[in-house]
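Beneath this line is the structure, given in structure tokens, with notes to follow.
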Amino acid sequence: MDTARIAVVGAGVVGLSTAVCISKLVPQCSVTIISDKFTPDTTSDVAAGMLIPHTYPDTPIHTQKQWFRETFNHLFAIANSAEAGDAGVHLVSGWQIFQSTPTEELPFWADVVLGFRRMTEAELKKFPQYVFGQAFTTLKCECPAYLPWLEKRIKGSGGWMLTRRIDDLWELYPSFDIVVNCSGLGSRQLAGDAKIFPVRGQVLQVQAPWVEHFIRDGSGLTYIYPGTSHVTLGGTRQKGDWNLSPDAENSREILSRCCALEPSLHGACNIREKVGLRPYRPGVQLQTELLARDGRRLPVVHHYGHGSGGISVHWGTALEAARLVSECVHALRTPIPKSKL
């Protein structure tokens, strides 16, 4: 086998970053991204893109921290380069606030973000209903810019994009030697995974250029994230809800909650509603499976189930997925010794 033909199914932030990492780490391979949706129509395009990790109950904390650190370092290098504007990556400072002191005052990611500290009493006066807070600087990765930036890198290294809906991974055999499944919620069907389900998220995108600091309720349900072209107000967390249409009552609640934290948002204008379905799972699925049917074999690397934390860990998990692909390629290139008769 001269060139390993690799198909990546899914073109959100997980699929595209995985394709870039494979191109960098796996020699003599061709990468094709196959998806029925590309930017700006992916779930990733709705995400606010703040690097504040979500915790996965089924994944060891040291692993989650490594994924977050690798992702932070990758995006921090972009933020400090001439590519920052094109890639939609920049630093943003702000506050995470709590109505009661959290049991874990120092989260596992505190030494990865910049300048993490406890908020002062003077700072907390801005939020009368809150008793404890954390101030820090993190990164914001805006997918409507970042995804095209990744696509450009994939095409630049000889990769292909194919718009097509896949209903069964076997459709890709024998055109491809290895399949990487980054289909998110599509894995309910493609991988038969009943553990993955949607968590509906509705956000508002508003014009409020005077808002320069992020504000996040410690529950993660209410947040104000300023970006380059708009401020994102959130949110909702509706488990098992597949509805992609904006809900007017959700929008009223979001605006009311955000205005309670930042009263100046009463003056926000050009309000747009966005909805995305987070692919939630108790832990990210990151493993190799060898599909077999009628004597045929198809190695599959599964890489999905990031829930609301995909952008915070995407580069770290993509590097791991690329290492798994590299192992599959090595196995395909290693001749099977003939048994001695």
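Just a few scattered comments:
- FRET efficiency for ARG296 and HIS62, using Cβ-Cβ distance with R0 set to 25 Å, rounded to 0.05: 0.05
- In this simple spin-label model, placing a label point 7 Å from the Cα along the Cα-to-Cβ direction at both GLU121 and ASP41 gives a separation of 5.7 nm.
- Each residue of the stretch 228-235 was assigned a 3J(HN,Hα) from its phi angle through the Karplus expression (A = 6.51, B = -1.76, C = 1.60, θ = phi - 60°), giving 6, 10, 7, 9, 9, 10, x, x Hz with x at Gly and Pro.
- Screening the chain for whole DSSP H helices of 15 Å or more along their axis (Cα) with average Kyte-Doolittle hydropathy at least 1.0 returns 13-25.
- Gaussian network model of the chain, springs between alpha carbon atoms under 10 Å - residue of ALA268, ALA122, ALA77 with greatest fluctuation: ALA122
- Ignoring aspartates and glutamates fewer than eight residues from LYS65 along the same chain, the ones with Cα atoms less than 16 angstrom from its Cα are GLU104, ASP111, GLU320.
- Between THR103, THR39, THR163, the Gaussian network model of the chain with springs among Cα atoms under 10 angstrom shows the greatest mean-square fluctuation at THR103.
- Backbone phi angles across the stretch 42-49, fed through the Karplus curve with coefficients 6.51, -1.76 and 1.60 (θ = phi - 60°), yield HN-Hα couplings of 9, 4, 4, 5, 7, 4, 5, x Hz in residue order; Gly and Pro are listed as x.
- Rolling a 1.4 Å probe over the protein heavy atoms of the chain, with every protein chain left in place, gives an accessible area that is 52 percent carbon and sulfur.
- For the chain, the per residue solvent-accessible surface stands at 46 Å², with DNA, RNA and ligands left out and a 1.4 Å probe.
- Take every Cα pair under 8 Å whose residues are at least 6 apart in sequence, average their separation, divide by the length of the stretch 4-333, and the relative contact order is 26 percent.
- For the pair TRP170 and ALA77, the difference between a 0.36 nm per residue extended length and the Cα-Cα distance amounts to 29.6 nm.
- Heavy-atom accessible surface of TRP242, to the nearest 10 Å², is about 140 Å², with a 1.4 Å probe and all protein chains retained.
- Working note: 222 nm ellipticity from helices only, DSSP H runs with n ≥ 4, each -39,500 (n - 2.57), summed and divided by the residues of the chain, gives -8500 deg cm²/dmol to the nearest 500.
- One decimal place: the segment GLU249-ARG69 gains 61.0 nm when fully extended, by the rule 0.36 nm per residue minus the C-alpha distance.
- With the whole protein complex present, LEU244 retains an accessible surface near 110 Å², based on a 1.4 Å probe.
- Efficiency of FRET from Cβ geometry, HIS266 and THR137, R₀ 41 Å, rounded to 0.05: 0.90
- Residue among ALA331, ALA19, ALA47 with the largest mean-square fluctuation in a Gaussian network model of the chain, springs linking Cα atoms under 10 Å: ALA331
The values are calculated or read from the model by the stated rules, or taken from the named source; none is laboratory data. It should be emphasised that the depicted structure is a prediction, and the values quoted were computed from it without experimental measurement. Because the Cβ atoms are built from the backbone with ideal geometry, glycine has one as well, and the counts that use them run over all protein chains shown. Ligands, DNA and RNA are excluded from the accessible area calculation, which covers all protein heavy atoms including side chains. Shrake-Rupley method; radii C 1.70, N 1.55, O 1.52, S 1.80 Å.
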